[in-house]
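The values are calculated or read from the model by the stated rules, or taken from the named source; none is laboratory data. Remember, predicted model here, so these are calculated numbers, not experimental data. Please note: Cβ atoms are built from the backbone with ideal geometry, for glycine as well, and neighbour counts cover all protein chains shown.
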Amino acid sequence: MEWASQLCENRGLGSKMTDSKYFTTTKKGEIFELKAELNSDKKEKKKEAVKKVIASMTVGKDVSALFPDVVNCMQTDNLELKKLVYLYLMNYAKSQPDMAIMAVNTFVKDCEDPNPLIRALAVRTMGCIRVDKITEYLCEPLRKCLKDEDPYVRKTAAVCVAKLHDINAQLVEDQGFLDTLKDLISDSNPMVVANAVAALSEIAESHPNSNLLDLNPQTINKLLTALNECTEWGQIFILDCLANYTPRDDRESQSICERVTPRLSHANSAVVLSAVKVLMKFMEMLPKDLDYYGTLLKKLAPPLVTLLSAEPELQYVALRNINLIVQKRPEILKHEMKVFFVKYNDPIYVKLEKLDIMIRLASQANIAQVLAELKEYATEVDVDFVRKAVRAIGRCAIKVEQSAERCVSTLLDLIQTKVNYVVQEAIVVIKDIFRKYPNKYESVIATLCENLDSLDEPEARAAMIWIVGEYAERIDNADELLESFLEGFHDESTQVQLQLLTAIVKLFLKKPTETQELVQQVLSLATQDSDNPDLRDRGYIYWRLLSTDPVAAKEVVLAEKPLISEETDLIEPTLLEELICHIGTLASVYHKPPSAFVEGSRGVQHKRLPARAGSGESTESPDVGQSVSGVSDAPPAVIPSQGDLLGDLLNLDLAPPTTTVPPVPSSMQMGAMDLLGGGLDSLMGDEPETLGGDLGGSPAMGVGVGVGVGVGVGLGPAPVGMPAGLGAAPAVGGGLGDLFDLGGGVGMTSGSYSPPRVVWLQAMKAKGLEISGTFARRGGVIQMDVSLTNKAMSVMSDFAVQFNKNSFGMAPAGPLQVLTPLGPNQTVEVSLPLSSTGPVMKMEPLNNLQVAVKNNIDVFYFSCQYPISLLFVEDGKMDRQVFLATWKDIPSDNEAQFQIKDCHLSSDAASNKLQGSNIFTVAKRTVEAQDMLYQSIKLTNGIWVLAELRIQTGNPNYTLSVKCRAPEVSQYVSQCYELILKN
Amino acid sequence: MIGGLFIYNHKGEVLISRVYRDDIGRNAVDAFRVNVIHARQQVRSPVTNIARTSFFHVKRSNIWLAAVTKQNVNAAMVFEFLYKMCDVMAAYFGKISEENIKNNFVLIYELLDEILDFGYPQNSETGALKTFITQQGIKGQHQTKEEQSQITSQVTGQIGWRREGIKYRRNELFLDVLESVNLLMSPQGQVLSAHVSGRVVMKSYLSGMPECKFGMNDKIVIDKQGKGGASDDAGKSELGGSGKQSIAIDDCTFHQCVRLSKFDSERSISFIPPDGEYELMRYRTTKDIILPFRVIPLVREVGRTKLEVKVVIKSNFKPSLLAQKIEVRIPTPLNTSGVQVICMKGKAKYKASENAIVWKIKRMAGMKESQISAEIELLPTNDKKKWARPPISMNFEVPFAPSGLKVRYLKVFESKLNYSDHDVIKWVRYIGRSGIYETRC
């Protein structure tokens, strides 16, 4: 080795002889020389030779040829030499399995040595020799060592079981080592307990379903006792193991928390973080109104802050974890903003993480300080950090409305610095601010335009172009600005090209007279000279829109944009829960579940937070919880990924599903239909959300715009009905409740609830066709009762209906049966059976249904809302045990509480009434003049909803707690309760 | 758990390589060298994932220590272990340098075998380790049976940090309260953030297995005693000054010898100390901090090629006390061509290599003021980016605790041996140092 020999020369003759000289043995023929030395009679010489061998091994040289000679040195009284030989053995045994057997005897003998240090050394090394053939020989010595009188040997033997299990799991099970290991949990020595726990936890991880780590209150108690006495590392093993336990009830949970909290003052950060993990997890089970819950929250903040004074690497681990904790329980650190301020000398990875947390903690109370800091950071050196700081200022503006103005002026100051990447980042975030607060800060546009030339990054260019297009009417030279971009159109990135296309179309729609040429130019560039399908398709659509119906084009392209969300980069809740269970580990550092970076069976299990215990009835054994979890695990199908609504609307097959009445539309419309069904839908299927020409908005945007296009393109001059579907829908829901009070009769206790009729489509909006209707569930079938009234002068015929994808997959199960043509001023009543097996896409509100009805005149769109009780199925009564377990299993964050006011029914009457709508009472409990009804509901898509209805005698206000794996449903369920009870 | 542990020199050559798990191959050694050490760029994260293998690293001077794993290990534990490893090595052979590591490679392997078993950290207290891992390596044969079992019971026992049978002729202990005061101040003199992180370091030379109790002017304890009427401890302070004033401690952490559950329930700090020097506790305070110095900066840009800087420092403590080793570091722009400095006290120098004017004052009493003014000539540049104006930082040492912490007592009980608390000679010292003490300008 070059460095080693140099070193020796440098040290010269005068220096004392040290071990570094062994690194010099690199000459040719050295193996031969070593062999001779190893076989020397002199002990000292032997030892020297072994050291040389180890040194060569370290630097990656193959010295396996010396195996027999080294093993020969094993039989020695010299502990240092023995250790060196063992080190060699561990490295090479696997490549020389036959030779390794030579060592077995020595191990067996050493395991009987009177010196416990030697016994332990033997058992420790034995496990590291990964040769199948010899493992069998090691079982007896291991068994003895597991019961050794000396704790040092036992603690080493405990780990050895894990080693052996890694080599040959079956052998370990057959030999009964697992039971011995379990017994060690009750050992008198805390370190033996800790190592046994570590070994068992590891073995249990590769047997996810075994009951190996049988954690029960007794073992937990033992672990908690050992926790106070063992080394810092042992404390970590025990805490990590405790975190896998699920306490039976809130009382047990609290008592464990009480015994774990002292660990928060440990000097070892890993002990602290593991304790935080246990507390964060068990806290889930504590009722929020408990005093102790508040105390615990307060106790968590100081140790987390203290972690930030640790070494930078640990700070990084702590910050990544705090990032999770802040998302899960923002209240813990909300007053600690200052400690996350970045220090000038922090390593960059600490700086970036602190910045992330600062944004999460930003609120109206601290925004002034935060902004001052961010402005400071924006002048630092590291480009990534500066960019993130600038982006953070934008996020503050969006998050805290009161600060928006200050943020904008800060950003303008930063733009004045003319630092290229600062300017670009600022423009990108200002675009978002414009989106969030339209018509408020447009005065700054002039300043932005000055910096047009310095923008060289696609994202910034696209943002700037968006701004110019969006506010084209206020920028005098918008056409010149956009034209300047157009010159190098083909050199731009796709992002910029798409944006430029949209911006110019916007400009044209706003100032049609002067910009005709420009729009022609961009359309031809996009459609004729481009190979990019997205760009070409968008170009074609605009072209066709503009040439067919400029008014519709305006509605589509200049449609109002939905709001953008305040919080960004939030971790998805189920992942967050899983990561909380992994606090302190690599998973929490990567913010990824272990399965994403661990190979094999280990870590594939997904961990979950425990559910808050149901008060009083929490004596169920945990077994029940496990056995039924399968039932309640029904996939929450309400939230499929954002679908491609546009494609679907365009795909609407406007003919009835079963062709009893073939449509005979006029030839004109027929053409339009074909166009729709044919080329265009495939054209538009690709990227619906870019169509409207907006940058990175929320998925909702795609929906809004998409619908608009469907109307505009397909139907020519039809008035755009769809915005009503987005805007007016909630009002319908509100109105329903009021209407209901009218029908508050007494007799109707049984039978599913059906809302009153509402006008869905007004005649003036639909060329004389008025549609009103309601929904009902009869004998397990959902029906849509529709009245069609012809208020026009001519006869209507050829009715057909189609639904857009919706949250619960509702779809017509048959055709719309209007057999005879509908004369002027005639009304026909139709019941349309619905199925719930259609395509699914999440709607907002959840129970929104978008419907297209066609007749011989035109196609009309409307949207309506159905009561979610329609979806409650008849077999929704849950078994009591299953109910209890499921209730516990659903995380308490999913629980929602509602008040139902002014309801005068007794609990039994209420129960009957609800049963009529398939809300089943599973159990009833009476505590202090308060009746509690535990009820279950099953939706058509298999989602279970559990509810607790509290009715206090004499109090007209009921309290309803709803728990569901798909918490979005809860609100709608509570609405139904209200409607049904008051009906 | 930890799958392997490697130590590299600055060139990326392996000095120590110990593999604990089968899933870590020899190529892991090279992967880290190529992807991290040779990456030649600023380290963007102390945890690196290369091909589903995670590498944790820390650096000590130009030596890299890397722990490798393929599992979802406790990341905090791995770093704590790496630091501990450094401490243990330092305790055995001093500074962690390439030369020392090569000279002690056999010892290091022996240590790694002992303190990490199958990747699980084991007892790593140097006090205990030194009883049976010695550089001579021959002790094994000469130990008596009693000695051997004493070693094992110490290594695995509840008091793993102290061996039995320690004897001193003179029982003596030294307490150092070491605080570092951190400040970030705006140019206008507004405190943006300030905190003290303190450590109580103890050197104990006590016989037997003494039981110690440590008391300080912790607000919670004082308030409790105030309510409980005249308690025997209140008002009586054996060590270090009057404890009238109490301080609010935000958080504290303790050496593993301290009984945490007792602290949690009674807020009393009791322990059996390790022999020799160790850190008893760390704490953090943010309220009522005495900021020993105030820095008042004034920077004026005169045209594009000249800067005028004036900095005043004011000492803010009892005039009878003396601050030492005062150093003020005033950053200068990268395009500085020349600097003229005038200071009333101490010495000031422009250090081009560090881009700063360094002003040093040996001693300064409390309630004094001193000033420096400098003219900085700049080279004209066409660099558009403005100079970032790093903060002015300061270093100093003062003979008091800026947090206001006072030691009230440290009692020693040893029931088996015949010495009492009064026979122990106790020394207490307070040192306040600057942590990151910055004023923006």
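Results, tabulated for the structure shown:
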item	result
Any hit, the stretch A:804-821, residues being closer than 18 Å to A:ASN941 by Cα, touching a residue at least 40 places away in the same chain (Cβ under 8 Å), in contact with a Ser or Thr (Cβ under 7 Å, 6 or more places away or on another chain) and basic (Lys, Arg)	no
Any pair with Cβ under 8 angstrom, 6 or more apart, that starts in the stretch A:391-413 at a residue that is surrounded by fewer than 22 Cβ atoms within 10 Å (Cβ to Cβ) and ends at one that is of a type in the set (Ser, Thr, Tyr) and part of a helix (DSSP H, G or I)	A:LEU412/A:THR447
Selection count, the stretch A:344-387, where residues are under 22 Å from A:ALA318 (Cβ atoms), buried (at least 20 other Cβ atoms within 10 Å of the Cβ) and not hydrophobic (A, V, I, L, M, F, W, C)	7
Hits in the stretch B:116-135 (condition: at pLDDT below 90, more than 25 Å from the chain's Cα centre (by Cα) and facing chain A (nearest Cβ under 7 Å))	B:PHE132
Within the stretch A:143-188, tally of residues that are of a type in the set (D, E, K, R) and in contact with a His (Cβ under 9 Å, 6 or more places away or on another chain)	1
Qualifying residue in the stretch A:442-453 (condition: outside any loop (DSSP other than H, G, I, E, B) and over 26 Å from A:THR417 (Cα atoms))	no
Elements of type helices (runs of 4 or more DSSP H) contained in the stretch A:509-621, each with 3 or more residues being more than 14 Å from chain B (Cβ to nearest Cβ) and modelled with pLDDT of 80 or more	A:516-527, A:533-548, A:550-557, A:573-580
Residues within the stretch B:17-33 that are within 23 Å of A:PRO347 (Cα to Cα) and modelled with pLDDT under 90, tallied	0
Failed condition for B:GLU308, given (1) surrounded by fewer than 14 Cβ atoms within 10 Å (Cβ to Cβ); (2) at pLDDT below 90	(2)
Residue in the stretch B:383-404 that is surrounded by fewer than 21 Cβ atoms within 10 Å (Cβ to Cβ) and aliphatic (A, V, I, L, M) present	yes
Helices (runs of 4 or more DSSP H) enclosed by the stretch B:1-115 - at least 3 residues per element that are at the interface with chain A (Cβ under 8 Å from one of its Cβ atoms) and crowded, with 21+ Cβ neighbours inside 10 Å	B:75-93, B:105-115
Qualifying position, being more than 12 Å from chain B (Cβ to nearest Cβ) and either assigned to a helix (DSSP H, G or I) or over 21 Å from B:TYR120 (Cα atoms) (or both), among A:VAL104, A:VAL50, A:VAL153, A:VAL123	A:VAL104
Options A:SER265, A:SER253, A:SER274, A:SER363: the member that is farther than 27 Å from B:TRP64 by Cβ, of a type in the set (Gly, Ala, Ser), in contact (Cβ under 8 Å) with a residue 24 or more places away in the chain and within 8 Å of another protein chain (Cβ to nearest Cβ)	A:SER265
Lone unmet requirement of (1) within 29 Å of A:LEU84 (Cβ to Cβ); (2) β-branched (Val, Ile, Thr); (3) within 14 Å of chain B (Cβ to nearest Cβ) for A:ILE134	(3)
Selection count, the stretch A:934-973, where residues are more than 30 Å from the chain's Cα centre (by Cα) and either buried (at least 23 other Cβ atoms within 10 Å of the Cβ) or under 21 Å from A:THR837 (Cβ atoms) (or both)	3
Candidate set from the stretch A:527-568 (those that are free of Cβ contacts under 8 Å to residues at least 60 places away in the same chain and within 30 Å of A:GLY394 (Cβ to Cβ)); member that is surrounded by the most Cβ atoms within 10 Å (Cβ to Cβ)	A:TYR542
Failed item in (1) buried (at least 23 other Cβ atoms within 10 Å of the Cβ); (2) within 14 Å of another protein chain (Cβ to nearest Cβ), with A:PHE177 passing the rest	(2)
Residue list for the stretch A:298-318, restricted to those being in a helix (DSSP H, G or I) and charged (D, E, K, R)	A:LYS298, A:LYS299, A:GLU313
Top-ranked residue of the stretch A:222-250 - restricted to ones that are among the polar types (S, T, N, Q) and buried (at least 24 other Cβ atoms within 10 Å of the Cβ), ranked as farthest from the other protein chains (Cβ to nearest Cβ)	A:GLN235
Filtered residue count, the stretch B:64-82, keeping only those that are in contact with a Ser or Thr (Cβ under 7 Å, 6 or more places away or on another chain) and of a type outside the set (Ser, Thr, Tyr)	8
Positions within the stretch A:160-194 being touching an Asp or Glu at 6+ places or on another chain (Cβ under 7 Å) and in a loop (DSSP other than H, G, I, E, B), in sequence order	A:ASN168
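Let's see how each residue does on (1) more than 22 Å from A:TYR972 (Cα to Cα); (2) in contact with a strand residue (DSSP E or B) (Cβ under 9 Å, 6 or more places away or on another chain); (3) in contact (Cβ under 8 Å) with a residue 40 or more places away in the chain:
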{"position": "A:THR827", "(1), (2), (3)": "yes, yes, yes"}
{"position": "A:MET843", "(1), (2), (3)": "no, yes, no"}
{"position": "A:ALA852", "(1), (2), (3)": "yes, yes, yes"}
{"position": "A:SER863", "(1), (2), (3)": "no, yes, yes"}
